[in-house]
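The values are calculated or read from the model by the stated rules, or taken from the named source; none is laboratory data. Not measured: the values here are computed from a predicted model. Neighbour counts are summed over all protein chains in view; Cβ atoms, including those assigned to glycine, are modelled from backbone coordinates with ideal geometry.
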Amino acid sequence: MDVPHMFWHLIKFVVIWCASSAAVFSGTIDPQTPDAEYVEFGKQFPCVVQIKAKKQLTPKSARIGVASAVIVAPHWIVTAAHVIDDDYDSAYVLKTAEDVEDKRYVLDRLIMHPQFDSSVVGFHDIALCHTPQDFGLDFYVNIQKTCTEVGKVATISGWGSTGTFYTGYHKNDNIRRAGRNKIDAAVKSVLLCTPSRPSYGAALEFMICPGDSGGGLFIGNNLAGIVSYISAPAVVGYPKAKYGDTSAFTRVSIYSDWILKHISDK
């Protein structure tokens, strides 16, 4: 499959940031693999957390956006820029679905990449967020620094919708899942993955869905990508994370200097 060629002909996009007051919708899965295996694998990624942002619309109503993020340092997360691209009144992180308001990590600095443009889907879709509280993880992921990602099998994790490659996403249960996919191509600042037909893909093959925005694409212990959007050719219709659709990730290696400069500042 000529993925770079296909990418430039994708005209149906869905930015996978859930903006509502409902529960978050995590990735579609291989229909031949039990969902419990993806849920169990997701437990190995405590660095992949939920980010919530609130904007008060009226005295009695508010919009709450729910997405994913990756802890990269004791006080820092990386997420997608489109997740925080609004005039939110407040934002915070929860490490588990069971965490309640008194366990939230309040974000006091939201830094979008200076080249991010919300009118251009996917490119420079990366942001850093700071909390004065210490996340207290035993281990923090490394930042991918080299552009050697293409062709490698990577791990993906997020808190978004789920379903199978046949059904597309249709279920929201507020559970972190994780799976794998091969990085098929890189187009400028974006890494691309597609689902394989049964018997041809990686074990626990996985596609991103709404609510996974800001989640992580990992190569070993390195954070190689940030979940950005899913897309489909016009002939397929609206992207649903099914066979024929494409998962797109912001390529972290291109932004490694920018990330490391900020998270090393005191």
Checklist line | Residues of segment 47-69 satisfying the condition of being in contact with a Lys or Arg (Cβ under 7 Å, 6 or more places away or on another chain) and closer than 17 Å to Ile226 by Cα | finding: Val48, Val49, Val66
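Please state which one of Gly42, Gly65 is in contact with a strand residue (DSSP E or B) (Cβ under 9 Å, 6 or more places away or on another chain) and over 14 Å from Leu94 (Cβ atoms).
On the way: Gly65 fails: over 14 Å from Leu94 (Cβ atoms).
Result of the check over Gly42, Gly65: Gly42.
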Note to self: Which pairs turn up if I take residues in segment 71-89 that are outside the structural domain of Ser61 (by TED's automatic domain parsing) and assigned to a loop (DSSP other than H, G, I, E, B) and look for partners that are surrounded by 19 or more Cβ atoms within 10 Å (Cβ to Cβ) and of a type in the set (Gly, Ala, Ser) with beta carbon separation below 8 Å, at least 6 apart in sequence or on another chain?
What the structure shows: none
Checklist line | The listed residue being out of contact with any helix residue (DSSP H, G or I) (no Cβ under 6 Å at 6 or more places or on another chain), in the same structural domain as Pro34 (by TED's automatic domain parsing) and part of a strand (DSSP E or B), out of Ala202, Ala186 | finding: Ala186
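Examine segment 204-214 for a residue that is surrounded by fewer than 24 Cβ atoms within 10 Å (Cβ to Cβ), farther than 22 Å from Cys47 by Cα and at pLDDT below 95, and state whether such a residue exists. Reasoning before the result, please.
Residues of segment 204-214 surrounded by fewer than 24 Cβ atoms within 10 Å (Cβ to Cβ): 204.
Still in the running and farther than 22 Å from Cys47 by Cα: none.
No, that holds for no residue.
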Check: Which of the residues belonging to segment 50-71 are more than 23 Å from Val121 (Cα to Cα) and surrounded by 24 or more Cβ atoms within 10 Å (Cβ to Cβ)?
Finding: Ile71
Item checked: segment 119-146 - residue that is among the hydroxyl-bearing types (Ser, Thr, Tyr) and touching a strand residue (DSSP E or B) at 6+ places or on another chain (Cβ under 8 Å) and, of those, surrounded by the fewest Cβ atoms within 10 Å (Cβ to Cβ) -> Tyr140
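State whether the residues of segment 161-179 include one that is crowded, with 24+ Cβ neighbours inside 10 Å, outside any strand (DSSP E or B) and within 16 Å of the chain's Cα centre (by Cα).
Yes, segment 161-179 contains at least one residue that is crowded, with 24+ Cβ neighbours inside 10 Å, outside any strand (DSSP E or B) and within 16 Å of the chain's Cα centre (by Cα).
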Checklist line | Top-ranked residue in segment 90-123 [being among the polar types (S, T, N, Q) and outside any strand (DSSP E or B); ranked as modelled with the highest pLDDT] | finding: Gln115
Next item on the list: Would you check if there is a residue in segment 95-118 being under 30 Å from Thr33 (Cα atoms) and buried (at least 18 other Cβ atoms within 10 Å of the Cβ)?
Entry: yes
